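Here the structure is laid out as structure tokens; the discussion comes afterwards.
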Amino acid sequence: MDERVIKKSTLHNEAESGVLRLQTRQAAPTIGLAGGGGLSGRRGVPLMVPLPFLLTGAGAAAIFSLLAPWVLPLALQAPGFPHVLALVHIVTLGWLTMTIMGASLQLVPVIVVSPLRATALLRWQYPVFLGGVTCLLIGFWWWQTWLLILGGTVIVLAVVHYVIVLSRTFARATTRPLTVFFLIASLVYLCVVVSLGLTAAWNFVTGFLGVETEHILLVHVTLGVVGWLSCTLVGVSYTLGRLFLLAHTHDDRWGRLVFILLNSGIILLASGVLSGWMLLEWGGGALLIGATLVFAGDTRRILKARQRKRLEVTQYHSLAATAYFALVIGAGVVILLGGWGTPAVMTALALAALVGWLGQSTVGYLYKIVPFLVWSERYGPLVGKQRVPLMREMVQQRWTWASWWLINLSLPGMIGAALAQQVIVLRVASGGLALGLWLVAANLFLVVWHLRVPTKQSAQADAREPDTY
């Protein structure tokens with residue numbers, strides 16, 4: 001085979017995944033990944049550790065989009081209705097947390113240049129967490145409190161194991177870039193969030209929280225959306241954003257300020273809600289708005305520092321998500337402090353936060369992470385032996401852009417319809433979002449189908465393998 005074809009294929013794939021390699025001894029690390037490395041390998045993490053999480057997350061997003069046209073109108077009248085709570089947790093646990101768990105188990109060893117630790121039970125992380133989430137969702141949908149408690153307990157066990165794995169990995173790492181500090185903070189929030197969730201499940205049975213129930217639930221939501229999910233995605237963006245744009249001259253100065261403002265704001269706001277001190281709530285809200293503005297400005301700095309001038313759909317998802325992040329934090333603080341949280345307003349805010357900011361961020365990164373994992377597993381060993389596809393050729397590019405437009409045209413319509421309480425418009429716009437998210441899921445599953453595509457070497461191996469049936 002022509003060596004030039006092999007070399008060109010390899011270089012294109014490295015560029016597509018944002019790989020920056022040190023070419024000389026004098027070259028310094030240039031981006032957030034420790035040691036100047038990139039997504040150049042899985043560092044001993046088997047494919048079947050992160051991949052089921054990522055595919056389940058995409059599937060949960062598709063399921064959410066099918067239920068949304070029928071359940072969201074209920075949220076306009078009764079946000080505490082069981083079907084509404086089930087839909088919210090499909091997004092927060094089934095889509096977002098599932099995706100983040102899978103991505104972090106793959107990315108953390110690369111970020112800290114160290115293998116995962118305490119992995120004896122890692123193979124059980126996915127089935128245990130999936131089982132807990134399934135029980136919880138069924139419990140919400142049919143309002144079975146024993147399933148809520150069972151699911152919540154299993155989720156807590158899975159989260160404890162996940163936190164132990166990442167905590168021990170961070171503790172024994174020799175390098176800790178900025179992203180690691182965001183992830184450490186987010187793990188603390190995750191522990192608090194699941195503990196409060198399980199507490200709320202017990203409260204459904206015993207009612208022991210009394211008048212404090214509303215405050216506990218508000219802190220549960222705040223720490224879940226802004227603490228666990230947002231803190232994670234902001235931190236990861238300082239690695240993946242620079243990585244995919246080749247923005248190796250970007251530094252951490254503004255990022256450190258974002259970390260301080262964001263976490264100070266979260267702690268003050270949650271403390272104010274629990275204690276009833278308005279001054280703490282106002283101070284926390286102001287810090288969160290400041291963190292959002294600095295993060296938006298830092299995103300612009302990353303764009304200016306990039307070497308890859310042409311933006312891909314991943315970056316357009318990130319830009320749209322950042323705009324929604326600024327909208328959600330600004331509007332959310334005003335709504336909370338002003339006491340304007342009507343069901344219609346909270347439904348619109350939830351759509352902007354969960355789908356516009358958090359959901360879009362994960363979709364954009366999945367277009368990079370899943371093809372990299374599959375390409376490394378399926379085609380990496382074949383480089384130099386036969387022609388292999390480029391990573392971008394594994395993704396249906398027209399589908400990515402179609403889904404981007406469907407999501408970002410439908411979502412504003414859904415938010416506006418929720419605010420105006422127009423049920424028909426809400427359902428029609430939800431149909432567009434459903435088509436967009438199903439295109440995302442189908443695209444990713446087609447990428448994974450490459451694992452089943454026979455190659456010359458695998459066909460020869462299959463022919464040599466004796467029939468055991």
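List of remarks:
- Euclidean distance between Cα centres, the stretch 350-371 to the stretch 145-178, Å: 22 Å
- The helix-based estimate of mean residue ellipticity at 222 nm for the chain, built from -39,500 (n - 2.57) per DSSP H run of four or more residues and divided by its residue count, is -23500 deg cm²/dmol to the nearest 500.
- The count of lysine pairs in the chain that are at least 8 places apart or cross chains, and whose C-alpha atoms lie under 25 Å apart, stands at 12.
- Size check on the stretch 378-437: the Cα extents along the three principal axes, sorted descending, read 60, 15, 13 Å.
- Within the chain: Cβ-based charge dipole about Cα centre, in debye rounded to nearest 20 (Lys, Arg +1; Asp, Glu -1): 1680 debye
- Normalised by 2.2 N^0.38 Å, where N is the number of residues, the C-alpha radius of gyration of the stretch 88-197 stands at 1.11.
- Histogrammed with a bin width of 10 Å, the alpha carbon distances of the stretch 77-148 distribute as 18, 39, 25, 14, 4 percent, first bin at zero.
- 16 Å tail of the calculated P(r), the stretch 100-141, as % of Cα pairs: 50 percent
- Taking a ≥ b ≥ c as the square roots of the eigenvalues of the Cα gyration tensor, an a/c ratio of 1.5 or more together with a/b larger than b/c marks the stretch 188-250 as prolate.
- Cα convex hull, the stretch 175-306: 95 Å³ per residue, rounded to a whole number.
- Overall Cα dimensions of the stretch 225-266, principal axis frame, Å, largest first: 31, 19, 7
- All Cα pairs of the stretch 76-116, percent lying beyond 16 Å: 52 percent
- Isotropically averaged projected area of the chain, using the convex hull of Cα atoms (one quarter of hull area), nm²: 24.0 nm²
- Convex hull volume of the stretch 369-408 per residue (C-alpha atoms, cubic angstrom): 57 Å³
- All Cα pairs of the stretch 318-433, percent lying beyond 18 Å: 60 percent
Values quoted throughout were computed directly from the atomic coordinates according to the rules given, and no laboratory measurement underlies them. Treat the numbers as computed from the prediction; the structure is a model and nothing was measured. We place every Cβ from the backbone using ideal geometry, glycine too, and count neighbours over all the protein chains shown.
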